[in-house]
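This report refers to the structure that appears directly beneath it.
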Amino acid sequence: MTLQSPSLELGAPLVQPIATAGGRSYWQSVRRRLRRDPVTLICAGVLVLLVASALLAPWLGLDDPYKTSMIRRLYPLGSPGHLLGTDELGRDMFARLVYGGRLSLFMGVTPVVCALLIGGLLGITAGFLGGRVNMLIMRIMDVFYAFPSVLLAISLSGAMGAGAENTLLSLTLVFIPPVCRVSESVTTQVRGFDFVDAARASGASMLSIVRVHVLGNVLGPILVYATSLISVAIILAAGLSFLGLGVKPPEPEWGLMLNTLRQAIYVNPVLAALPGVMIFITSICFNLMSDGLRAAMDVKA
Amino acid sequence: MDSVLPVEDRGGPAQPLLLASGLRKHFPVGGGLLGRGRKVVRAVDDLTLSVAKGETLGVVGESGCGKSTVARLLIRLLKPDRGTMVLDGDPVDEPHGITVNELRRQVQMVFQDSYASLNPRLTIAETLAFAPKAHGLPAAEARDRVRDLLAKVGLEPDTYAERYPHELSGGQRQRVNIARALALRPRLVILDEAVSALDKSVEAQVLNMLVDLKTELSLTYLFISHDLNVVQYLSDRVLVMYLGKIVELGPVEAIYGDPQHPYTQALLSARPSMDPRKRTKEAPIQGDPPNPIDPPSGCRFRTRCPFAEDVCARVEPPLADTGRQEVACHMRVAGSGHSKAVA
């Protein structure tokens, strides 16, 4: 599970003339291409469903995800009253999976958003200013790159202690370097275009040049890349919880549920695999959606 | 800040609009760690030029001779390593002079690549309004100015204002680029190969428009091109560059009618002739220009010059006045030591 460095083609849409058959602006043509892409639409739909159910969990009339029962332990799937069975402490699996989505999605999205803000800011600064500033920022990022991302997350969480906040913090730190690197490379590419020189030659301030001429051209590729990181974040967060470095029991969280259900794998393997299925569905949806966005925004396609 | 109004002439017609002296730009290439022992590309070396008010100064030379670097130095997209600039009597970027920002308002530039010089995410109106707004023009006035600019460059404002660059043809995009350069009402416009990428018919239209705009807005042009015919058509004076140096500078009739420097002569004889009986049979100069990282000693043209002698390798020829034009060649300086030197 390495964070791959992005292909340099991310910025390619900028240079290419944009095909227009009726549509006018760039974003309109992106939207039109997305509408013709069923995979991306289905993935987006599943994600919306997951997020909505997680947000609305308390109002969905589910069982109490914390209520244990020594009698009803490890019911199989399809048991009356427990659609997806019960876990090793007799808690309703369906309720726990829905509630678990709250933490798991939160743990997946928050570090990426934080890394996007910090890494994006650093990367755009490095790319736009170039020279020594670029050197300084990017070499610091290289230090982080020296460690495999999983190892870095585990060691950071281990050093700071278990808990949701520390997991968020360590995941954010893990994601800043790759976001920074992508931002830097697309910004460097955009900065080389004559329209940025023309803006500089007009005597406009650096901030307004970045705001008007740089951001609009780099945010797309950076956001697409960040979307693909969400699935990695969910998996990493689940992994940390599985190792006991993340969320503490009895909080419902998919990674932690995998861990606690592990002993039940010989009794009821399907049940034990359910949290893993949720992680799988979520991350593959984020990945496919990110691919779809990339394709829709790449005008060469 | 009323800096969006046109700037009044100050020094009178005799004072040069722009005077650049001793401009030098060397680019470091590769080299050792922390910049030690690096080699440099001598893109522009001690170049001095003046642009008179209302004239068109043409700049010609082969690819890589430093034409574009000169343009970028004059508008301060590149910071010169050495040299001073004076804009209508005001030193630029010096304690008692004007700021670089003020220079950039009075001097604007049109780039060669009409597509890369327009932001693909902005409409034409947004592109044109960017500079005036950055200088504090209110939105409503900026909108009026955009319409005015589009009309000036021959684009119907209602049709084109809300379009995106990719919806325009190359010629239309270059018109937009020219409009953008005029948005701040500059006095000097640097045209860096501004028409070179256009079709011949479109090029002619744009050139004629440039001539009209110059009279209408009393502009001064610095016209950079490798196309000798276009430079002849447009320019009042011509500057010939070779490897970051001026080799010849003078009125267009003198340069084209009676070129003094062997390089200028070679350039002009390399022009395709309209007369089929006067075909150019042989390449007037051989090979590529030498590497600017390590330019030849003395006269930089000597490695390709048919008249090169010992003195050319030893002494760098100064830019000498020959009456009508200035030439940097030992053959035109009496007593230089060259066997063909004028008596």
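The values are calculated or read from the model by the stated rules, or taken from the named source; none is laboratory data. Only a predicted model underlies this, so the values are computations on that prediction, with no experimental measurement involved. Neighbour counts run over all protein chains shown; Cβ positions are idealised from the backbone, glycine included. Note: accessible area is taken over every heavy atom of the protein model, side chains too, but ligands, DNA and RNA are not part of it. Shrake-Rupley method; radii C 1.70, N 1.55, O 1.52, S 1.80 Å.
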Using a 1.4 Å probe and counting only protein heavy atoms, how much accessible surface gets buried when B and A come together, both sides summed, in Å² to the nearest 100? 2400
Considering region B:74-233, what Rg and Dmax in Å follow from its alpha-carbon atoms? 15.9, 48
Within 10 Å of each Cβ of B:230-240, how many other protein chain Cβ atoms are there on average? 0
So if I average 1/r over every pair of distinct C-alpha atoms in chain B and take the inverse, what Kirkwood radius in Å does that give? 21.6
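If you wrap region A:28-296's Cα atoms in a convex hull and average its projection over all directions, what's the area in nm²?
Taking the Cα atoms of region A:28-296, their convex hull projects to 16.9 nm² on average.
Provide A:Val277, B:Val92 ordered by accessible surface of protein heavy atoms (probe 1.4 Å), highest first.
From most accessible down to least: A:Val277, B:Val92.
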Can you give the extra length, in nm with one decimal, that the chain gains between B:Leu217 and B:Asp321 once fully stretched, where that is 0.36 nm per residue apart less the Cα-Cα distance? 34.2 nm
Please identify the cysteines of chain A that lack any partner cysteine with a Cβ under 4.7 Å from their own Cβ. A:Cys114, A:Cys180
In chain A, taking the dipole from +1 charges on Lys and Arg beta carbons and -1 charges on Asp and Glu beta carbons about the Cα centre, the listed residue (A:Val143, A:Gly244, A:Gln28) farthest towards the positive end is A:Gln28
Accessible-area value, B:Thr48, 1.4 Å probe, nucleic acids and ligands omitted, Å²: 70
Helix A:38-56 sits at what angle to the longest principal axis of chain A, using alpha carbons and giving 0 to 90 degrees rounded to 10? 60
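So what is the relative contact order of region B:2-332, in percent, for Cα pairs below 8 Å that sit 6 or more residues apart?
Numbers: 608 pairs, mean separation 64.7, N = 331.
Normalised by residue count, the contact order of region B:2-332 is 20 percent.
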HN-Hα couplings for region B:88-103 via Karplus (6.51, -1.76, 1.60; θ = phi - 60°), in whole Hz with x for Gly/Pro, come out as 6, x, 9, x, 9, 6, 10, x, 9, x, 9, 7, 4, 4, 5, 4
What is the magnitude of the charge dipole of region B:192-343 about its Cα centre, with +1 placed on the Cβ of each Lys and Arg, -1 on the Cβ of each Asp and Glu, and no other charges, expressed in debye to the nearest 20? 580
Which sequence of B:Val311, A:Val109 reflects their accessible areas, 1.4 Å probe, from the largest down? A:Val109, B:Val311
What's the carbon and sulfur percent of the protein assembly as shown's accessible surface, probe 1.4 angstrom, rounded to a whole number? 59
For B:Ala161, other-chain or 5+-apart residues with amide H closer than 5 Å (H placed, Pro excluded) are none
Give the angle, between 0 and 90 degrees and rounded to the nearest 10, that separates the Cα long axis of helix B:200-216 from the longest principal axis of the Cα atoms of chain B. 70
How much area per residue is accessible in the protein assembly as shown when the probe is 1.4 Å and only protein heavy atoms are counted (Å²)? 46
Lys, Arg +1 and Asp, Glu -1 on Cβ, resulting dipole of the protein assembly as shown about Cα centre, debye, nearest 20: 820
For the protein assembly as shown, take the convex hull of the Cα atoms, compute a quarter of its surface area, and give me that in nm², please. 37.9
Express the relative contact order of region A:78-174 as a whole percentage, based on alpha carbon pairs under 8 Å and six or more residues apart in sequence. 23
For chain B, with a Gaussian network of springs between Cα atoms less than 10 Å apart, report the residue from B:Asp227, B:Asp81, B:Asp288 with the top mean-square fluctuation. B:Asp288
For region A:43-191, what is the largest minus smallest coordinate of the Cα atoms on each principal axis, given in angstrom and ordered from greatest to least? 67, 35, 20
If R0 is 41 Å, what FRET efficiency do you get for A:Val113 and B:Val40 from their C-beta distance, rounded to 0.05? 0.35
With Cα coordinates, the longest principal axis of chain A makes an angle with the long axis of helix A:26-35, in degrees rounded to 10, of 30
Order A:Tyr75, A:Tyr225 by their accessible area, 1.4 angstrom probe, all chains in place, largest first. A:Tyr75, A:Tyr225
Along the Cα→Cβ direction, 7 angstrom out, place labels at A:Arg211 and A:Arg36. What is the inter-label distance in nm? 3.7
